[in-house]
1. Mind telling me which of the residues B:Ile72, B:Ile39 ends up being assigned to a loop (DSSP other than H, G, I, E, B), within 15 Å of ligand 1 (Cβ to nearest atom) and either under 21 Å from the mean Cα position of the chain (by Cα) or assigned by TED's automatic domain parsing to the domain that holds B:Glu191 (or both)?
2. Looking only at the range E:202-240, count how many residues are within 14 Å of chain A (Cβ to nearest Cβ) and of a type outside the set (A, V, I, L, M).
3. Check off (1) open to solvent by 20 Å² or more (accessible area, probe 1.4 Å); (2) away from chain B (no Cβ under 14 Å); (3) modelled with pLDDT under 60 for D:Pro289 and give me the number that stays unchecked.
4. Report those helices (runs of 4 or more DSSP H) wholly inside the range E:56-119 carrying at least 1 residues which are at pLDDT 90 or above.
5. Output the residues belonging to the range E:271-283 that are at pLDDT below 85, crowded, with 17+ Cβ neighbours inside 10 Å and in a helix (DSSP H, G or I).
6. Could you go through the range D:164-183 and let me know if any residue there is free of Cβ contacts under 8 Å to residues at least 60 places away in the same chain, in contact with a Phe, Trp or Tyr (Cβ under 9 Å, 6 or more places away or on another chain), open to solvent by 20 Å² or more (accessible area, probe 1.4 Å) and closer than 30 Å to B:Ala179 by Cβ.
7. Would you check if D:Arg247 is open to solvent by 40 Å² or more (accessible area, probe 1.4 Å), farther than 30 Å from D:Asn56 by Cα and either modelled with pLDDT under 85 or basic (Lys, Arg) (or both)?
Amino acid sequence: GGTATSAQPEKPASTTSADPAVAAAVPERFKKAGVIKVASDIPYPPLEMFDENQNLTGLDVDLAAALGAKLGVKLELQKQAFDSIIPSLQSGKNDIIMSGMNDTPERQETLNFVDYLHAGFSILVREGNPENITTVLDLCGKTVAVQKATVQGDILRSYEQQCKDKGSAPVNITELPMETDVQTAVRSGKASADVVDSAVAAYAAKTAGDGKTFDIVRDPANPAGYKPVYTGIGVLKKDSELSQALLLAMESIIADGSYDKILKKYELSDYTVKKTGLNLGKDTK
Amino acid sequence: MNGVLATPEATAPPTTQAPLLRASNVRKNYGNVQVLKGISLTVNAGEVMCLLGPSGSGKSTFLRCINHLERIDGGRISVAGELIGYTQRQGRIFEMNPREVSRQRRGIGMVFQRFNLFPHMNALENICAAPVGVKRIDKQHARKRALELLDRVGLAHVATSYPAQLSGGQQQRVAIARALAMDPQLLLFDEPTSALDPELVGDVLEVMRSLAADGMTMVVVTHEIGFARSAADKVVFMDGGVVIESGLPAEVIDNPQNPRTVSFLNSVM
Amino acid sequence: MNGVLATPEATAPPTTQAPLLRASNVRKNYGNVQVLKGISLTVNAGEVMCLLGPSGSGKSTFLRCINHLERIDGGRISVAGELIGYTQRQGRIFEMNPREVSRQRRGIGMVFQRFNLFPHMNALENICAAPVGVKRIDKQHARKRALELLDRVGLAHVATSYPAQLSGGQQQRVAIARALAMDPQLLLFDEPTSALDPELVGDVLEVMRSLAADGMTMVVVTHEIGFARSAADKVVFMDGGVVIESGLPAEVIDNPQNPRTVSFLNSVM
Amino acid sequence: MDADVNTDDDVAAVPLRHPWRWVVAAALFLGIAVLVVSLWTNPNIHHGTISKYLFNPKIVNGVGLSLLITVVAMVVSTVLGVLLAVMRLAKNPVMNAFAWLYVWVFRGTPLLIQIVFWGYLGLLYSQISLGVPFTDFTIFSVDTNTLVPAFTAGLLALTLNQAAYSAEIIRSGMLSVDPGQHEAAASLGMSPSYTLFKVVLPQAMRVIIPPMGNETISMLKQTSLLSVIAVLELYTVATQISSQNLRQVELLLVVSCWYLFLTSVLSVPQYYLERHYGRGNAAQQAPTPLVRIVSALRRAKHAPTEPTPTDTRGRKS
Amino acid sequence: MDADVNTDDDVAAVPLRHPWRWVVAAALFLGIAVLVVSLWTNPNIHHGTISKYLFNPKIVNGVGLSLLITVVAMVVSTVLGVLLAVMRLAKNPVMNAFAWLYVWVFRGTPLLIQIVFWGYLGLLYSQISLGVPFTDFTIFSVDTNTLVPAFTAGLLALTLNQAAYSAEIIRSGMLSVDPGQHEAAASLGMSPSYTLFKVVLPQAMRVIIPPMGNETISMLKQTSLLSVIAVLELYTVATQISSQNLRQVELLLVVSCWYLFLTSVLSVPQYYLERHYGRGNAAQQAPTPLVRIVSALRRAKHAPTEPTPTDTRGRKS
Ligand SMILES: Nc1ncnc2c1ncn2[C@@H]1O[C@H](COP(=O)(O)OP(=O)(O)OP(=O)(O)O)[C@@H](O)[C@H]1O
Ligand SMILES: Nc1ncnc2c1ncn2[C@@H]1O[C@H](COP(=O)(O)OP(=O)(O)OP(=O)(O)O)[C@@H](O)[C@H]1O
Ligand SMILES: [Mg+2]
Ligand SMILES: [Mg+2]
């Protein structure tokens, strides 16, 4: 967008130094511009949000700073509604996406993903878990709200057979535009549970109503959440050189340990990728 | 022809002794201006009364008070012994509710200076609207009656024309037919012939006379001295919101006593 | 008083030889109905012509053709030697562009049957609108002139009233003042007195006569035989879209030749 | 015009020429052509996706739902709007104040918030109960989410909101009717309600219909706001699909095609309603552009001797 | 009324009583009270959040931006709307067809899509160049994203879209003016444009203003759609805050308060415009409810001998 919310984190989370090999891979266009514009649906805590001083912070923000350092080009986050995030790339307003976007085969037709998270989903229910949901199969026959831009809908649909085996109706999925709408639906009782990225669920359970609104369903069998999927930086197919450069930069920050430090800062270490790659996302079904 | 216009109500006015219309000391203000300053007059059943007077003398206002289109500020108006717009119970006067006022108005027809036809209805529909919608007369019957009335005013051929397609003269005649269709006891005319074609004034007067013969009472505001002289039973000359002179046409028109009447008649004739 | 109404244009009609208004074989259709079937007549500068005729005879339509409010389908109309609505160049006739038509209309005043005052302007603004907006006359001057005209029609006291606050008679007089304010060469009246108070008809006739004396030419559609007889230089009787009879008032009104004229006049008088 | 009486005083004038019209027409046509061609050949738009999803059953269902909601909401809200307009113009101060308050609140708050309110009524009131206020006495009580499912909530929100806007339009239409009409009706003894329905509203219609056409078309597109309570109308379905396959531009174009189509369909009844209520009005209805173009072409064909293209439309006959 | 001539034939009637009015008024008042109290005491609403964010500088900035966009877009679109309405009613078929097409396209496609189109014009045309179509000849060329920043794009989209709706409203207003007015103006030699601005539009205003008031209020709330192209108006700011602190309901209430306030502010000029253009119209303007309540109270005070509350509002004087 035109109004860049390019607030810089007050202190870099890690002391990354430039990597000449990585910097060499950056396409000429971006070297010349000195900046890569990053589309991000701010705020999407804890990936991108504002701190008390209205400074932009979050996992994506710190990662962007670290990657920028490696590339020798600044990565600047710009606020961008998810509904028009692809047009913003195609029209040249932005260059890449860092918005907690899940890597799926369908999306790989449009974008290349440089994956940086491998996380499952969690189940968020009302405080005190009034419907006594303990595993994902308890959701069969219940109304579950999810955000429409996410892959959780498809994942839940894939449980249809297991629900049937259990002698129950499939999950009734309600897709809503924003994560806040999803949480409102759960609060009002329109939906029994919110199925959402584990990281977001953890934030909501901690923050909403001073931690007194939601509970996370803890399934001891799946400590990192159900059905982990990859989350990546989206780059248009036509900019494959840029995705290669980002891949190199990602490998470089994993290698020097700054990646681990950043995830640890946001309590997301459960979801690190052992090894990054391009388009690691597989069909969820 | 008379059969068309004569109706049981019209032929048998409820009280033949008392006057059909009685106005006493009627006053009306617009803001701080008193437009009617105490009008008293009576009209007997079957009489035609002509109201003459210069512009702004309050003729239209008085006419509108008779069917309670304007609320009077003082005095009394009664038609057929019934107080217009008010009910008297145990010596006190109560405002009438709107449904009752509507009922009273049904017995009082009015023809306006500016026709006020319903522009979205054709001539026939204009005439049938009230009989069908208010009196709940059978549609076929109302239509037949409306066609007869249109024929009487010489407009059978424009039954399906809309007001905008009619000349001024034609519109006014439709308006008269519309008023007649409700079989009123009393008909009020506000300069009915001012937009009428002279050839047809005669026809309309003929209709009005036959109505009078059947017991219809009429109050006619007009500038047509000729008509007042030949058709009126009583002529009232108003100026500045008061009745200056009244009496038989021969008295008021041909032998006026008041200098204002004299000067008005001189300028008109 | 005459000074108010007399203007250079009006006192010096461009061609004193030729008639000011010449209509020849004017035809007009509405759809398939021919409303004017070949009207030919002339009016000289300073003359007052009265158009008589029953309802629907096409009088209003003819008047509207004169200032090109209706486009004629055949024949010619010219005012002061200028073809109305068309230009002649090299023997061919061209449609005139709208700006030129507006210019022509400025010289032809018109008073409508239904007044057509601008309801959002008060009497004074109604009169000043065209002189100020079209002729670009100084506002103060136009206002002074408008007040004089209002005084002439007896309405100086309602200068700031809106049309809805005026009686019908008052509205029509404002409309006449509005037409006079443009100092037209030719004035068209469509039943100007039908809504006028009888006391004031005389005043208006007086104004019209003084205009005529200054070289103003007028065409008046009217049902007032008395006025036609006393004020007209020429009377034309129309019926069914054709001129039945025309001539001096004394000829047409008092000694009509055509049986339709005779019957019309009988019914009117 | 067809009469062949060509006497020399006939008006067989050379019609006024309008050379600029043709220049402007050509420029406009060229401009539109450039726009359409450049849209069509744009490499960023994948035409295959458009044709694939245009008649996708989910999309078609969404279209049906949007249309259904629009029609129901408009009909019900118009009835409410008439009621509110009458209350607003009534002499009764209670009615008047109520109508004023209603319009103020419902026009004053965003529709989206009203949708959220009705959709998540359960958030504020988990039970709806009928009883005596401020006491514990209740007659019955029912779970809100059972009583008001998402679809009903959406419909309710759109209808109540629209009623406020319609009321203002209808009120202004009623004010445009000549007061003489009320008097004529009153003098015939017509009741206020008969006067309203048979005299005032039919005349007000001419003024009411065009803005109500606007409102209907807005409503069609406002249905998209129901996505916050997961009613699967056209726009929601399209964004659901596009957020999966990331073909956002293509799906917006699919949605645009459908909306353009629906808008055109909805303006047909508007046109005929306008004609119907325009009857008896002297100002003639302008024909639709299509009709005009066809008749212009026909006229051009019948004037083969005319050297330059002319326009005789100015003629009033 | 003040005259004290109490002769026995005076109309000193007992005014019509309206017992139902008072019952209905009481019921309505009670209903509203219950609603407000239950909203206020609802445990799901955190009042601290509301008061904390009501005057948050980001929110206040958003309010200012919303208002600015609304005012600019309405003013410019009204001018365009008059132009389009005149073209639509003109005899010139080219203008007519153009205006028709404009209205069709801009009313027919969702505003959101138009916003995306203008916001991402660069998607379709990365350079805007002036030159001869279908050739390589260009006069100048500029980067689209430089030429059309987000704010401008949003304003452009709202304005062009609104012009289509306004055109229909203005057209209907112009049709409501008596054709006799055009004739009177023509007979005075007034030019079409003078007639338009001095005779037709002032009279049409009475019919145009109420729906345009509607449109202004809609526009205020439509500014929220600009969130897709990241213009930080009120609604966008509020959702940003709520997606972080997860207090969606409270922030929607904050937004509602502001919109109600802005709507009320915007209806003040509407009221005075309606009064102004209603001058010379016989049907009198209804006073605002506030004025009515005040004068009703005053009247009640001046009739102390009256045993029951009465209403004399029915009086026409
Ligand atoms: N609604 C109104 N508000 C204020 N004054 C009014 C109203 N209606 C009429 N008047 C005034 O009351 C007076 C009487 O008007 P009225 O229409 O009764 O006269 P009239 O005798 O019928 O005149 P005319 O012959 O011109 O129709 C006039 O001075 C007029 O200006
Ligand atoms: N716009 C129109 N469309 C169709 N027919 C019309 C139109 N205007 C007038 N007419 C018809 O043309 C004929 C002549 O009308 P015109 O108004 O010229 O008559 P008039 O002599 O002025 O009558 P009046 O004395 O009633 O005013 C009438 O039969 C009328 O119905
Ligand atoms: Mg009068
Ligand atoms: Mg006529």
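1. Numbers: B:Ile39 fails: assigned to a loop (DSSP other than H, G, I, E, B).
Going through B:Ile72, B:Ile39 in turn, the sole match is B:Ile72.
2. Residues of the range E:202-240 that are within 14 Å of chain A (Cβ to nearest Cβ), as a first pass: E:224-233, E:235-240.
With the extra rule that they be of a type outside the set (A, V, I, L, M), the set shrinks to E:224, E:227, E:233, E:235-236, E:239-240.
Qualifying residue count, the range E:202-240: 7.
3. (1)
4. On the way: elements: E:57-89, E:93-108, E:111-119.
Of the helices (runs of 4 or more DSSP H) lying wholly inside the range E:56-119, those with at least 1 residues that are at pLDDT 90 or above span E:57-89, E:93-108.
5. E:Glu274, E:Tyr277
6. Yes, the conditions are met somewhere in the range D:164-183.
7. Working: open to solvent by 40 Å² or more (accessible area, probe 1.4 Å): yes; farther than 30 Å from D:Asn56 by Cα: no; either modelled with pLDDT under 85 or basic (Lys, Arg) (or both): yes.
So D:Arg247 fails the test.
Every residue, every condition in (1) in contact (Cβ under 8 Å) with a residue 12 or more places away in the chain; (2) within 24 Å of D:Arg107 (Cβ to Cβ); (3) assigned to a helix (DSSP H, G or I), yes or no:
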position	(1), (2), (3)
D:Ala186	no, no, yes
D:Met190	no, no, no
D:Ser193	no, no, yes
D:Val200	yes, yes, yes
D:Met205	yes, yes, yes
D:Asn214	no, yes, yes
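The values are calculated or read from the model by the stated rules, or taken from the named source; none is laboratory data. All of these numbers come straight from a predicted model, not from anything done at the bench. Glycine gets a Cβ as well: all are built from the backbone with ideal geometry, and neighbour counts include every protein chain shown. We work out accessible area using only protein heavy atoms, side chains counted, and drop any ligands, DNA or RNA first. Shrake-Rupley method; radii C 1.70, N 1.55, O 1.52, S 1.80 Å.
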